[in-house]
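Participant: This is the structure I want to talk about, given as structure tokens.
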Amino acid sequence: MERNQLRRQLASVRQSLFDQGFLDEQFIQLEELEDGDNPNFVEEVVTLFFRDSARLIVNIEQALECSPLDFNKLDNYMHQFKGSSSSIGATKVKNESTEFREYCRTGNAEGCMMSFQQVKKEYAALRKKLEHYFQLARQAGPGETASRSARN
């Protein structure tokens, strides 16, 4: 595929992530931190997010298997997960995390179980979409940095 066509496709995929509510302005702020010295900054941050959040998901799954449920522990894990999600602009994941935390606050075990399934669903969808986006970005190559000047 020609480079310009790849860039157009990349821009379209990126826009759809915002239009569908997967990402918010925090993702744009991360992109603004990318430069010639750190051209893969966003992908690296997102990769770290998925690595760390996978550990938190396992912790939450294990905590949900305990009886009785420790709602404080669950809330603490989800608080970390929500913070990480917010840091990359993962809107849907963050919103589902908020709902889970509300179920923890009210001691609603069934609500926690259902909400956690939704958290994992949104997380998996985001991961799949961002993996596709970054794969396209690598194929398209570095973009122009029109906002940056070579002058001092």
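The values are calculated or read from the model by the stated rules, or taken from the named source; none is laboratory data. Predicted model only: the values in this text are computed from it and were never measured. Note that each Cβ is placed from the backbone with ideal geometry, even for glycine, and that neighbours are counted across all protein chains shown.
Participant: Every residue in the range 75-128 that is free of Cβ contacts under 8 Å to residues at least 60 places away in the same chain, more than 12 Å from PHE22 (Cβ to Cβ) and of a type in the set (Lys, Arg), please.
Facilitator: Result: LYS82, ARG101, ARG105, LYS121.
Participant: So for the range 54-64 (the condition being touching an Asp or Glu at 6+ places or on another chain (Cβ under 8 Å) and farther than 30 Å from ARG7 by Cβ), does at least one residue qualify? First the steps, then the outcome.
Facilitator: Residues of the range 54-64 touching an Asp or Glu at 6+ places or on another chain (Cβ under 8 Å): 63.
Subset that is farther than 30 Å from ARG7 by Cβ: 63.
Looking for residues that are touching an Asp or Glu at 6+ places or on another chain (Cβ under 8 Å) and farther than 30 Å from ARG7 by Cβ, one finds at least one in the range 54-64, hence yes.
Participant: Before we move on, is GLU32 touching a residue at least 24 places away in the same chain (Cβ under 8 Å) and charged (D, E, K, R)?
Facilitator: Values: touching a residue at least 24 places away in the same chain (Cβ under 8 Å): no; charged (D, E, K, R): yes.
Spelling it out, it is not the case that GLU32 is touching a residue at least 24 places away in the same chain (Cβ under 8 Å) and charged (D, E, K, R).
Participant: Moving on. Answer with yes or no whether SER86 is of a type in the set (Ser, Thr, Tyr), within 27 Å of VAL42 (Cβ to Cβ), surrounded by 13 or more Cβ atoms within 10 Å (Cβ to Cβ) and within 19 Å of the chain's Cα centre (by Cα).
Facilitator: Values: of a type in the set (Ser, Thr, Tyr): yes; within 27 Å of VAL42 (Cβ to Cβ): yes; surrounded by 13 or more Cβ atoms within 10 Å (Cβ to Cβ): yes; within 19 Å of the chain's Cα centre (by Cα): yes.
It is true that SER86 is of a type in the set (Ser, Thr, Tyr), within 27 Å of VAL42 (Cβ to Cβ), surrounded by 13 or more Cβ atoms within 10 Å (Cβ to Cβ) and within 19 Å of the chain's Cα centre (by Cα).
Participant: Out of the residues in the range 5-35 meeting the condition of being under 17 Å from GLN139 (Cα atoms) and not polar (S, T, N, Q), tell me which one is nearest to the chain's Cα centre (by Cα). Before you say what the answer is, go through the steps one by one.
Facilitator: Applying the first criterion (under 17 Å from GLN139 (Cα atoms)) to the range 5-35 yields 5-14.
Add one more test, that the residue is not polar (S, T, N, Q), and what stays is 6-8, 10-11, 13-14.
Details: LEU6: 23, ARG7: 22, ARG8: 23, LEU10: 18, ALA11: 18, VAL13: 15, ARG14: 13 Å.
So the residue we want is ARG14.
Participant: Would you confirm whether or not the range 23-46 contains a residue that is under 27 Å from ARG105 (Cβ atoms), touching a Lys or Arg at 6+ places or on another chain (Cβ under 8 Å) and modelled with pLDDT of 95 or more?
Facilitator: no
Participant: If a residue has to be loosely packed, with under 15 Cβ neighbours inside 10 Å and of a type in the set (S, T, N, Q) to count, how many in the range 18-37 make the cut? Outline the logic, then answer.
Facilitator: Let us first name the residues in the range 18-37 that are loosely packed, with under 15 Cβ neighbours inside 10 Å, namely 19-21, 25, 28-29, 31-33, 35-37.
Next cut, of a type in the set (S, T, N, Q) only: 20, 29.
Within the range 18-37, residues that are loosely packed, with under 15 Cβ neighbours inside 10 Å and of a type in the set (S, T, N, Q) number 2.
Participant: Scan (1) assigned to a helix (DSSP H, G or I); (2) free of Cβ contacts under 8 Å to residues at least 24 places away in the same chain for the single condition LEU17 breaks and write down its number.
Facilitator: Every listed condition holds for LEU17 apart from (2).
Participant: Just one of PHE71, PHE81, PHE100, PHE49 is buried (at least 17 other Cβ atoms within 10 Å of the Cβ), within 19 Å of ALA125 (Cβ to Cβ), more than 13 Å from the chain's Cα centre (by Cα) and hydrophobic (A, V, I, L, M, F, W, C); which is it? Give the steps one after another, and end with the answer.
Facilitator: On the way: PHE71 fails: within 19 Å of ALA125 (Cβ to Cβ); PHE81 fails: more than 13 Å from the chain's Cα centre (by Cα); PHE49 fails: more than 13 Å from the chain's Cα centre (by Cα).
Among PHE71, PHE81, PHE100, PHE49, only PHE100 is buried (at least 17 other Cβ atoms within 10 Å of the Cβ), within 19 Å of ALA125 (Cβ to Cβ), more than 13 Å from the chain's Cα centre (by Cα) and hydrophobic (A, V, I, L, M, F, W, C).
Participant: Among the residues of the range 1-11, what is the count of those that are out of contact with any helix residue (DSSP H, G or I) (no Cβ under 8 Å at 6 or more places or on another chain), in a helix (DSSP H, G or I) and either exposed (fewer than 11 other Cβ atoms within 10 Å of the Cβ) or among the charged types (D, E, K, R) (or both)?
Facilitator: Residues that pass the stated criteria total 3.
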